[in-house]
Structures are given as C-alpha cells and as structure tokens.
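Nothing in this text is a laboratory measurement; each read-out follows from the coordinates by a stated rule. All values derive from a computational prediction rather than experimental measurement. Virtual Cβ from ideal backbone geometry, glycine too; neighbours counted across all protein chains shown.
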Amino acid sequence: KLIVLDERWIQVIFEAPKLKVGQLEFQYGGQSEVKLQITYLDEK
C-alpha cells in the first residue's frame, strides 16, 4: 500500500509475508512500513 503524505514524502506499507504450499498457507512476521523522501530533478 502506498500513501502520499505530501509533495515530498510517501509511506509504503508492506503486508506480512505469506508462504503457500499446496492447500496450506502460512503468514509469518508482521506488517512493516517505510517513509521515503522523494526529490524530483528536472532533466534541464
């Protein structure tokens, strides 16, 4: 999931990893998130 916080910051939320083997599906670990600052540079 990606959330735009403002014109320079975004937040990315990652769901817990899943492992599926045949009919069995496991979810392990937890949710994690990161905030990233983005700087736009014009090519000119």
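Filter the stretch 1-19 down to residues that are closer than 17 Å to Gln37 by Cα and of a type in the set (A, V, I, L, M) and give me whichever is surrounded by the fewest Cβ atoms within 10 Å (Cβ to Cβ).
Leu2
Any residue at all in the stretch 7-27 that's in a loop (DSSP other than H, G, I, E, B) and among the basic types (Lys, Arg)? Quick ask: steps written out before the conclusion?
Step one: list which residues in the stretch 7-27 are in a loop (DSSP other than H, G, I, E, B), which gives 7-8, 15-17, 22-23.
Subsequent filtering for residues that are among the basic types (Lys, Arg) retains 8.
Yes, the stretch 7-27 has at least one match.
Of all residues in the stretch 4-36, which are at negative phi and out of contact with any strand residue (DSSP E or B) (no Cβ under 9 Å at 6 or more places or on another chain)?
From the stretch 4-36, those at negative phi are 4-21, 23-28, 30-36; that's our starting set.
Residues satisfying the conditions are Asp6, Glu7, Val21, Gln23, Leu24, Gly30.
Anything in the stretch 32-44 that is of a type outside the set (A, V, I, L, M) and exposed (fewer than 10 other Cβ atoms within 10 Å of the Cβ)? List them, or say none.
Gln37, Thr39, Tyr40, Asp42, Glu43, Lys44, listed by residue number.
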